[in-house]
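Take a look at the structure set out below.
The values are calculated or read from the model by the stated rules, or taken from the named source; none is laboratory data. Since we're looking at a predicted model, the values are computed, not measured. All Cβ positions, glycine included, derive from the backbone under ideal geometry; neighbour counts span all protein chains shown. Quick note on the areas: whole protein, heavy atoms, side chains included, nothing else; ligands and nucleic acids left out. Shrake-Rupley method; radii C 1.70, N 1.55, O 1.52, S 1.80 Å.
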Amino acid sequence: MEAFPFSSIPNLPLFFSMFLILYSIAYSIVFRNWSPKIRPEACSCFISLFHGTPAVFLATFAIFSDQNRGFSSPNTKTQNLVLDYSIAYFLTDLLHYLIFFPTDVLFIGHHLATLFVFITCRHVVFHGSYAILTLLILAEVTSFCQNVWTLATARRHDNQLAAKVYSNLSPYFYAFYSVVRGIFGPFFLYQMGVFYSSGVADNVIPRWLWVSWMCVVITAIGVSILWISNLWVELFKEKKAKLEKEL
């Protein structure tokens, strides 16, 4: 797969401009009638819809098109393109948080840490994209459900359809998310840790860097598990309260 068709334009600025335009369209057109309180969050979901699922397919193709793929293999052009695509998205969403939610330290920290991983893989060591893109797939495979759920959650108190979507989607989304983040994520992270700790990749990915990657991913998985656990607790409380009300 060749570089992006507009080969005279670097991929990162092109993708960054694309996400900025998408955000502007969402803010000025798609969600213009939404409450100012939830409008920015909806715009964030909108650009995430254009990143998450496409990134899963792009990353999958980039990984399997590399016959020499491995934890220490050099990045291919296609893999670098996917990294640029994700870097552009996270930069855009980081701007969103800095402008509308500057006190949301958790998400701002998450985006900065994620950008650190992507940028060092893409522009510092030029190796390790197999591991990073696999983690990207595991992180984004649930994004479509999560964005639909987030939008429904934001409107469930004033929109009957949103309330129905929230009620019907929640248990399935929670289960899907729990399996991916609670089982597949830690399993791949374990494989990643076993490989890098052996030292065979230290000549291309310095120990301090892969340790940093591991710390970022461990923290992200831990926070994700805590988040989904709290949602399960809330869901059971809602179901119990509804059942008691009916009785």
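Annotations
- Rounded to the nearest 20 debye, the dipole size of the range 9-237 about its Cα centre is 320 debye, using +1 on the Cβ of Lys and Arg and -1 on the Cβ of Asp and Glu.
- Rounded to the nearest 10 Å², the accessible area of VAL30 at probe 1.4 Å: 70 Å²
- Ranked order, LYS239, LYS245 - accessible area, probe 1.4 Å, largest first: LYS245, LYS239
- Sequence-distant lysines (8 or more away, or on other chains) whose Cα lies within less than 23 Å of LYS242: LYS164
- Distant-in-sequence amide H partners of GLY70 (H built 1.01 Å from N, under 5 Å): TYR130
- Near the amide H of HIS127, within less than 5 Å, lie the amide hydrogens of ASN75, all on another chain or at least 5 residues away, with H placed in the peptide plane.
- When the Cα positions of ALA152, VAL223, PHE15 are compared along the charge dipole of the chain, ALA152 comes out farthest toward the positive end, with charges on each C-beta of Lys, Arg, Asp and Glu.
- Taken over the chain, the ratio of Cα radius of gyration to 2.2 N^0.38 Å equals 1.09.
- Partner aspartates and glutamates for LYS37 [C-alpha distance under 14 Å; skip if fewer than 8 residues away on the same chain]: ASP158
- Heavy-atom accessible surface of the chain, averaged per residue, reaches 54 Å², computed with a 1.4 Å probe.
- Between the residues GLY182, GLY199, ILE137, the greatest Cα displacement towards the positive end of the dipole of the range 133-213, with unit charges on the Cβ of Lys, Arg, Asp and Glu, is found for GLY182.
- Fraction of accessible area attributable to carbon and sulfur, the range 1-130 (%, probe 1.4 Å): 69 percent
- Above 18 Å, the calculated P(r) of the range 96-189 contains 62 percent of its Cα-Cα pairs.
- The chain: DSSP helices with Cα axial extent of at least 27 Å and average Kyte-Doolittle hydropathy no lower than -1.0: 77-100, 160-179, 207-246
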